[in-house]
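Comments concern the structure below.
The values are calculated or read from the model by the stated rules, or taken from the named source; none is laboratory data. Treat the numbers as computed from the prediction; the structure is a model and nothing was measured. Note that we place each Cβ from the backbone using ideal geometry, even for glycine, and neighbour counts take in every protein chain shown. Note: areas computed on protein heavy atoms with side chains; ligands, DNA, RNA excluded. Shrake-Rupley method; radii C 1.70, N 1.55, O 1.52, S 1.80 Å.
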Amino acid sequence: MAKTSTTTQGLRAAIERSGYYPALVAEAVEAAVGGEPVRSYLVHQETTFDQNEVRRHVTVLVLTGNRFIVSHTDEQAADTTSPTPYATTSTESVKLGRISSIVVSRVVANPESYKPGTLPREIVLTIGWGAVARLDLEPAACGDPNCEADHGYTGSSTADDLSLRVSEAGDGPETVRQALAFAQALSEATADSAR
């Protein structure tokens, strides 16, 4: 995707269309992007249910020529720390060379009749750059059922920096297309940065 102000305007319009505190979200994203041209972006709003409350959350992913920027904004109800509802916005800027993994998991209906170019029913985009990892441990054992020795632990470490699920039913086909386009642009950019 070409670096144009049209892409930057499209990002701003997508943030406004999400309807989720657009002035707050746009200011945080624009401050993180700075003067760099935007190559690609994805705006994803998600609504979750927490007991009796409905909570909204928006994630904005931006690709510039040198960086991958992630912005999260969450809203919180009034609580003991604040007498009024509030929102928390955070941005993280990652150099493209730090991205170690981009996983796109596609869910397609009727795979036996799949035709190239058909939009997946949903995708999960997972991006890792080493900031967060999940460690799953369990006691190690040997094959002897009577063994009482301590064999330590065994486990696995999984990069868990960002995982975003987008579905045709929940988000619409255009959001799925945008997520796929963003994943491809990011993959191409990280390949270019490795050269």
*Filtered residue count, the range 81-103, keeping only those that are hydrophobic (A, V, I, L, M, F, W, C) and either free of Cβ contacts under 8 Å to residues at least 60 places away in the same chain or out of contact with any Ser or Thr (no Cβ under 8 Å at 6 or more places or on another chain) (or both)*: 2
*Count - residues of the range 112-169 that are in a loop (DSSP other than H, G, I, E, B), modelled with pLDDT of 80 or more and under 18 Å from residue 186 (Cα atoms)*: 2
*Taking the residues in the range 106-116 that are open to solvent by 80 Å² or more (accessible area, probe 1.4 Å) and not acidic (Asp, Glu) as candidates, determine which candidate is nearest to residue 61 (Cα to Cα).*
106
_Every residue in the range 29-52 that is more than 13 Å from residue 74 (Cα to Cα) and in contact (Cβ under 8 Å) with a residue 24 or more places away in the chain, please._
29, 31, 32, 33, 36, 37, 38, 39, 40, 41, 42, 43
*Those residues that are assigned to a helix (DSSP H, G or I) and either crowded, with 19+ Cβ neighbours inside 10 Å or over 14 Å from the mean Cα position of the chain (by Cα) (or both), I need them from the range 170-183; list them, please.*
170, 171, 173, 174, 175, 176, 177, 178, 179, 182, 183
*Take the range 117-130 and flag every residue that is open to solvent by 50 Å² or more (accessible area, probe 1.4 Å), touching an Asp or Glu at 6+ places or on another chain (Cβ under 8 Å) and either under 20 Å from residue 165 (Cβ atoms) or free of Cβ contacts under 8 Å to residues at least 12 places away in the same chain (or both).*
121
_Can you tell me how many residues within the range 88-105 are out of contact with any Lys or Arg (no Cβ under 8 Å at 6 or more places or on another chain), surrounded by 15 or more Cβ atoms within 10 Å (Cβ to Cβ) and assigned to a strand (DSSP E or B)?_
5
*Tell me, yes or no, whether the range 66-80 has at least one residue that is β-branched (Val, Ile, Thr), assigned to a strand (DSSP E or B) and free of Cβ contacts under 8 Å to residues at least 40 places away in the same chain.*
no
*Name the one entry in 59, 84 that is open to solvent by less than 50 Å² (accessible area, probe 1.4 Å) and modelled with pLDDT of 90 or more.*
59
*Residues of the range 31-45 being surrounded by fewer than 16 Cβ atoms within 10 Å (Cβ to Cβ) and either on the phi < 0 side of the Ramachandran plot or among the β-branched types (Val, Ile, Thr) (or both), which ones?*
31, 35, 37
*Could you grab me the full set of residues in the range 79-94 that are more than 16 Å from the chain's Cα centre (by Cα) and not aliphatic (A, V, I, L, M)?*
79, 80, 81, 82, 83, 84, 85, 86, 88
